[in-house]
Amino acid sequence: MHSRRQIKGLICGLTAAAYLAAISAAQSSNVSFEVSLVKVDNALETKPSSINASTPGRFTATNTPVRFLVLYAYGLLDHQLAGMPDWTSSSSFDVTATYASDSKMTERDLRMMVRDLLQDRFGLRVHEETRQLPSFSLVVARKDGRLGPALARSEVDCEKWIAEKRPQAQTGGPSTVTPTGKRSACEMMATRRWLAGGTRTMAQLAAALQSMVGRPVVDRTGLAGGFDMDLKWATNETTEDGDGGPSIFTALQEQLGLKLESERNPFQVVVVDRITRPTAN
């Protein structure tokens, strides 16, 4: 499961050449879901979002903004997607789509089928271009390299964990920020005010943070391997919130021992030409 609110690491960057290949591949896909259901959810403030493509024969998205379905379908980071109207981030949907459980679907096949679903049900049309964008570098905050109290190295082998189909929900150790007091194993969960990850890389953390700070975030920490992490903040602004809680920038330094530094770089982006609210089931 993953998304802006529950991220498993399925969102990844594509090279410039891969963008065009991905878009053209979607148009020539010969695989599709047998049945798909889409309905409004809109509980972003009260429960996490999730995308689950790991169950054979079934793809589900729960309480998920359309923006994050597009990010998943095209394998994009947040800054690689432009032109999405506001409702695609503020309105969330439940999606259930099925296919033959005995078919040998790859992750690429599933992403292509989600692209087709978005085209059919949301009228999605896109093109690709290069843009110069303001961004952040994620770096270690302390000169001595010490990490924050809520960031610890993990020795869990996630490939083995997932291959053995071991449960992930609430099995990744104690958490100080989740409602249950437990984090998930080998995935990341996040809301607008907290983030918890089990055995996540710095690149995966950077990908999650960009949704919170509204800019591309590039991992320049030099930290390899997986980490367990808890992060809690009160506002995305650089100033402290009125309720006394830290901004996400302050929380990063105090809790994880990391910080964000401003920069500007060229990025390949997928631009949305058209998207509409979903057609009826």
Give, in nm to one decimal, the length gained when the segment between residue 182 and residue 130 is fully stretched (0.36 nm per residue of separation minus the Cα-Cα distance). 14.6 nm
I'd like the per residue volume of the convex hull spanned by the Cα atoms of the range 135-281, given in cubic angstrom. 185
Under a crude label model (7 Å from the Cα following the beta-carbon direction), how far is residue 82 from residue 47 in nanometres? 3.6
Lysines near residue 143 by alpha-carbon distance under 24 Å, same-chain residues fewer than 8 away left out - which ones? 232, 259
Within the under-10-Å Cβ sphere about residue 272, not counting residue 272, Lys/Arg +1 and Asp/Glu -1 give a net charge of +2
Residues residue 171 and residue 146, FRET efficiency given R0 of 41 Å [Cβ-Cβ distance, rounded to 0.05]: 0.90
Hey, could you pull the Cα Rg and Dmax for the range 124-178, both in Å? 18.8, 48
Under 19 Å Cα to Cα from residue 104, which lysines show up? Leave out anything in the same chain fewer than 8 places away. 165
Give the relative contact order (percent, whole number) for the range 133-266; include only Cα pairs under 8 Å separated by 6+ residues. 36
Here, the chain modelled as identical Cα point scatterers in vacuum has Debye log10 I(q)/I(0) at q = 0.06, 0.11, 0.15 Å⁻¹ of -0.18, -0.63, -1.20
Specify the residue with the greatest mean-square fluctuation among 228, 120, 94, computed from a Gaussian network of the chain linking alpha-carbon atoms under 10 Å apart. 120
All lysines inside 18 Å of residue 39 as judged from Cα atoms, apart from same-chain residues fewer than 8 positions distant: 47
Residue separation times 0.36 nm, minus the C-alpha to C-alpha distance between residue 58 and residue 273: what's the value? 74.5 nm
Nearest 10, in degrees from 0 to 90: the angle of helix 107-122 to the longest Cα principal axis of the chain is 70
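A short reminder: the numbers here are calculations on the coordinates, not readings from a lab. Since the structure is predicted, the reported quantities are computational estimates derived from the model, not experimental observations. Cβ: placed from backbone, ideal geometry, glycine included. Neighbour counts: every protein chain shown.
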